[in-house]
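Worksheet: the structure to be examined is printed underneath.
Any read-out appearing in this document is the output of simple, stated calculations on the displayed coordinates, not a laboratory observation. Just so it is clear, the structure is predicted and the values come from calculations on it, not from any experiment. With ideal geometry, Cβ positions are generated from the backbone for all residues, glycine too; neighbour counts draw on all protein chains shown.
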């Protein structure tokens, strides 16, 4: 379950929320009868409906990228790579589907996880994927060689669109993980694994270090 309350149709008083509920869920209540055409539960929408301004801003963001001049395949490469880098199953999975809808082959979709090093990309696609890495894992530290290559290939308005949309979806990926919406409703994977019952607490570093003179004085391990 998501970490925040899900707004049902009965609770909702926003015309925009109702419009989006109708588009995605038909006559169903998304809380009582979840499920969208792509197979997601759809709880991103019912969670974001908690705040009308945030909901409207998010929907406007979707409209921005749908109206972008940038080649939609390049746009989706940035979005899909953003989902993978942040570790959002939801964003990554949804935008793999978007790439497929644009006619991108299965081997190229799978190669988004590999990134710019995969041999399936042309020069511009490789720059886009490398740029996404710089924006997200590099937190905006972009080498001149990458930015210069992009600027030589794309007009400034499209390069701005690529920057905005890729980082926007990194934000969506972060929020989805934090709020545990959709496919990001998963338990933390990094936890302590229990030792055997007969294990005695001790200095583990000593166990994996080569013996020293001090060890001989302290006795057997």
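Calculated [222 nm] ellipticity per residue, helices only, for the chain: -17000 deg cm²/dmol; basis is -39500 (n - 2.57) per DSSP H run with n ≥ 4, divided by all residues, nearest 500.
Kirkwood radius for segment 15-63, taken over all pairs of different Cα atoms as the inverse mean of 1/r, rounds to 10.9 Å. Compared with the dominant Cα axis of the chain, that is its longest principal axis, helix 72-86 is turned about 30°. Put one equal scatterer on each alpha carbon of segment 120-195, apply the Debye formula with no solvent term, and list log10 I(q)/I(0) at q = 0.11, 0.20 1/Å to two decimals. Debye output, listed in q order: -0.41, -0.88.
Take 89-95, 189-195, 14-20 and order them by the average number of nearby Cβ atoms within 10 Å per residue, most first; the result is 89-95, 14-20, 189-195. Relative to the longest principal axis of the Cα atoms of the chain, the long axis of helix 52-66 makes an angle of roughly 80 degrees. The convex hull of the Cα atoms of segment 6-165, projected and averaged over all directions, covers 10.0 nm². The residues 197, 150, when put in order of fewest to most other Cβ atoms within 10 Å, stand as 197, 150. For the chain, the longest principal axis of the Cα atoms and the long axis of helix 144-153 meet at an angle of about 20 degrees. Using only Cα coordinates, the Kirkwood hydrodynamic radius of segment 70-184 works out to 13.9 Å.
Each part gets one Cα centre, and for segment 163-186 versus segment 1-62 those centres are 16 Å apart.
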